[in-house]
Amino acid sequence: MNTSTRTLSACVLAAAVGACLSVAAQPQDQNQMPPRQVQPSRTDARPMYDYASRMFASADKLRGSTVENAAKKNIGTISDLIIDRGSGAVTYVVLNAGGFLGIGTKKVVIPFSQFGWDANAKRLTLEATPENAKLWPEFDEKNWAGTEDSLSGRLSKDYYRTPQNYYPSTASNDETHVKGTVTRVDRRAIPGSATEEVLVTVRKSDGTEEVVVLGPSYYTTGNSNSVYRDAPIDVRVSRVDRNGNPVVVARSYNANSKDTNLYDDSGKAHWWSWKSTPAQPIGYPFLLNSDIDGKHITARGEKCGKVEDLIVETGTGRVAFVSIDPDQNVLGIADTKRLVPWGVITLITTDGVSIDASKAMITSAPETPKDLAMLSGDSKYQNIYQGYGISEPYYYDRTWDNSSWNNSPNNPNNQNNMNNPNRNRDLREREPK
């Protein structure tokens, strides 16, 4: 079996669930991992997978598929995928663990980094027993999101970390504005964090351009005011220092004739609040794969079809593409599925998905291949990002920081909770002040 495996040792898994488990630890076989190369020209020098070595899978086919361990023991069935709504990273897998024919199963959430990939069977693997898998946090769809104490809220607090003083943390009366037209919308990884931030390049009336940081991508794609290229924008900004580098950070902006405040009156960023709001009704910053399936798409304000499938790069667990079913009445291209890079998504709500692309970009994009191996074997798919005018995403190896969940005061299995003076303290209070 050609399996690329990323597994925990028995003691780490035991700490994660607060119990001493007997799990066979299997060392990572570096010879089976895709070769990596460093892209020094990028703003983030994380190691990258070579394009030709990547493997892709349909999210629709992953859901409902069985998961086995190396001994071919059936561990459970994948019920859903939990996705970072900004970067598109599959952060957790909802697994129906154990049982037979639906009897005796338990839905749990397991970090994606614990799974390997069986290239021959084209499915995820997990080095655990059905009984051990059931010890991960339970998933209840009815209570998944909507409150800060929901599982979505707790996982968000443990998953996202912002470096000290990375964003402004005090109130400002500065009325400096950057006003003009958006020429680029880019994303870059936040150092020391599992997520990324969104930057817009604004061409001002004098012809000069200025780059402005809007905020974390998981927030900007859920704040109900989409920002896309060629749109007019007026941004109130602060100029801050990041390790000796001057950075322009948005405090608020007006786009599409709509005002959006990114900080409250005390200077606290709105993304430090983890509960859902009417503007972010899909349990942000995480969303379920089933939440986005079938959603209607608008391309720079024009209706243009619906989400048909998500294409996941299996080595990193990142959603690389959205396969869309264009609206025949609007685009006139029948029922052909087209590929849209995840990076052009600007907004995801219960109302639908907005993308920063024109109809011409969509109709000229490659079709979604029936054999996803073509995505790494055919050069036309390597150039798809250029067609949409964006950079290729960061295919870095996203590994789970086990200490985050193990030591969290929100983890009911954390044995240190009773002796932790901060155990009842909201993790938001530990964000940079």
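Some values worked out for this structure:
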| quantity | calculated |
| --- | --- |
| Three-way shape label, the range 125-176, alpha-carbon gyration tensor, a/c 1.5 | prolate |
| The range 177-272 - percent relative contact order, Cα under 8 Å, separation 6 or more | 24 percent |
| Eligible lysines near LYS204 by straight Cα distance, threshold 24 Å, same-chain separation 8 or greater | LYS179, LYS258 |
| The range 294-387 - convex hull of alpha carbons, volume per residue in Å³ | 96 Å³ |
| Cα→Cβ-extended label distance, 7 Å offset, between GLN386 and ARG184, nm | 1.6 nm |
| Unit charges on C-beta of K, R, D, E only; dipole of the range 294-387, Debye | 140 debye |
| Eligible lysines near LYS303 by straight Cα distance, threshold 19 Å, same-chain separation 8 or greater | LYS295, LYS337, LYS359 |
| Cα principal axis extents for the range 177-272, largest first, Å | 35, 30, 24 |
| Point-to-point label distance, GLU367-HIS177, nm (Cα→Cβ direction, 7 Å offset) | 4.9 nm |
| Lysines whose Cα lies under 18 Å from that of LYS122, excluding same-chain neighbours fewer than 8 positions away | LYS61, LYS72, LYS73, LYS370 |
| Charge-dipole axis of the range 294-387 as Lys and Arg at +1 and Asp and Glu at -1 on Cβ define it, positive-most pick from TRP342, GLN386, HIS296 | GLN386 |
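Just so you know, all these numbers are worked out from the coordinates, no wet-lab data involved. The model shown is predicted, which means the values in this text are computed figures rather than measured ones. Cβ sites come from the backbone with ideal geometry, for glycine too, and all protein chains shown count toward neighbours.
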